[in-house]
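Take a look at the structure below.
The values are calculated or read from the model by the stated rules, or taken from the named source; none is laboratory data. Owing to the predicted nature of the structure, the values given are computational and were not obtained by experimental measurement. All Cβ positions, even for glycine, are placed from backbone atoms using ideal geometry, and neighbour counts span all protein chains on display.
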């Protein structure tokens, strides 16, 4: 039976964290020997209590960190700061180290604002890819067009260069449109970058891949540097689109999530 570590750094609003807890509690794990690991970085006492209850119910482990929790808010957009990126990079590397030290067969790294379809993990494991993410879509600012968390090249470039005889803006728009339309069809697709909801194999864990910043790249975000390192080591990156996760990115998304959740038929809830 494959041993998989399901892990998350957690700095989350209580209302969103409760939903994330339900998501993990309803994840199908038949035929899998799953363990859970959380890195505690919450700034609200209620969130700390929720995470403690979740870990207890799952039989998971909480790693406490000696860092100053920050009030990370994203109602109007992605509020990344250099200090926050450095902190998350350290957390993700710590999770990688834990998975390696405990000799897990695979690691499923999932962000604490992602709501997973119950079939997500088992489905990803059947794809037999070294690195694969389940897709999710996000309106990075309220009311804006949703974008996927995967990209084709560079920092977050969603389209590859087209025919050079086409006007630049025309081929860029068409490439973006084609990329997004393809990701709306159930399947698995090779991409240049990914993150947020990623399953990695034993081969990846045995490699020197990490989330650490590459000194001569200015890309913002630890996932970018992870993907570059993985590609250089010869790993291909894939996104699966059969069971899209729901990104509960801001509190204003809760009503829409409630509608989606009904179709997923969560049967287990967080114990009091």
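Structure notes:
- Only one of the listed residues (120, 89) is modelled with pLDDT of 95 or more, surrounded by 13 or more Cβ atoms within 10 Å (Cβ to Cβ) and more than 27 Å from residue 26 (Cα to Cα). That residue is 89.
- Number of residues in segment 43-67 that are touching a helix residue (DSSP H, G or I) at 6+ places or on another chain (Cβ under 9 Å), assigned to a loop (DSSP other than H, G, I, E, B) and either surrounded by fewer than 17 Cβ atoms within 10 Å (Cβ to Cβ) or at pLDDT below 95 (or both) equals 3.
Rundown of residues vs (1) surrounded by 13 or more Cβ atoms within 10 Å (Cβ to Cβ); (2) within 19 Å of the chain's Cα centre (by Cα); (3) outside any loop (DSSP other than H, G, I, E, B), yes/no style:
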| residue | (1), (2), (3) |
| --- | --- |
| 179 | yes, no, yes |
| 195 | yes, yes, no |
| 209 | yes, yes, no |
| 215 | no, no, no |
| 223 | yes, yes, yes |
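- Residue check: residue 151 meets all listed conditions (1) over 30 Å from residue 30 (Cα atoms); (2) modelled with pLDDT of 95 or more; (3) surrounded by fewer than 21 Cβ atoms within 10 Å (Cβ to Cβ) but one, namely (3).
- Top-ranked residue in segment 7-31 [being in a strand (DSSP E or B) and touching a helix residue (DSSP H, G or I) at 6+ places or on another chain (Cβ under 7 Å); ranked as farthest from residue 254 (Cα to Cα)]: 7
- Residue within segment 159-167 that is modelled with pLDDT of 95 or more and surrounded by 15 or more Cβ atoms within 10 Å (Cβ to Cβ) present: no
- The C-beta contact set for segment 170-189 (first residue in contact (Cβ under 8 Å) with a residue 60 or more places away in the chain, second residue in a loop (DSSP other than H, G, I, E, B) and surrounded by fewer than 16 Cβ atoms within 10 Å (Cβ to Cβ), distance under 8 angstrom, 6+ apart or interchain) comprises 188/127.
- Subset of segment 228-272 [without any contact (Cβ under 8 Å) to a residue 40 or more places away in the chain and assigned to a helix (DSSP H, G or I)]: 228, 229, 231, 232, 253, 255, 256, 258, 259, 262, 263
- Scanning segment 107-141 for residues that are out of contact with any helix residue (DSSP H, G or I) (no Cβ under 7 Å at 6 or more places or on another chain) and assigned to a loop (DSSP other than H, G, I, E, B) turns up 111, 119, 127, 128, 129, 136, 139, 140, 141.
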